[in-house]
Amino acid sequence: MSAHKDFEVDTRPGIDDLTVTVELDDGTEMECMALTIFDLDNQNYIVLLPLDKDGNPAEEIVYIYKYFEDEEGNPFLDNIVSDEEYNRVSLRFDEIQDQL
């Protein structure tokens, strides 16, 4: 997957209703529900749960990306490339889940 994925954001109110369409490297699109956006070490991350065509969870795994917004508020995703960063972000997401 390449940096700054092409995706569209459904802007309905609240993170619970936020859906994201991610365009993968092979040109296919994956519809996801945003579970949370959180900050770690001054970097925002977004956790996405893939959805099937009916809007139900398609997999039991989540995808975590770096999350950015440009000067105009347009969102961008980027891959987490280092294992060290991925491990820190995964641990923080686990902590967030434990608090729910």
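Go through the range 37-85 residue by residue and tally those that are small (Gly, Ala, Ser) and at pLDDT 90 or above.
Residues meeting the conditions: 1.
Among all residue pairs at least 6 apart or on different chains, which show Cβ distances below 7 Å where the first residue, located in the range 22-42, is free of Cβ contacts under 8 Å to residues at least 24 places away in the same chain and surrounded by 10 or more Cβ atoms within 10 Å (Cβ to Cβ) and the second is of a type in the set (Val, Ile, Thr) and not in a strand (DSSP E or B)?
Ala34/Ile15
Taking Tyr45 as the residue in question, decide whether it is touching a residue at least 60 places away in the same chain (Cβ under 8 Å) and buried (at least 17 other Cβ atoms within 10 Å of the Cβ).
no
Here are the criteria: (1) under 15 Å from the mean Cα position of the chain (by Cα); (2) surrounded by fewer than 10 Cβ atoms within 10 Å (Cβ to Cβ); (3) not polar (S, T, N, Q). Tell me which single one Leu100 does not satisfy.
Result: Leu100 passes all but (1).
The values are calculated or read from the model by the stated rules, or taken from the named source; none is laboratory data. Note that this is a predicted model, so its numbers are computed, not measured. So basically every Cβ, Gly included, is an ideal-geometry build from the backbone, and we count neighbours across all protein chains shown.
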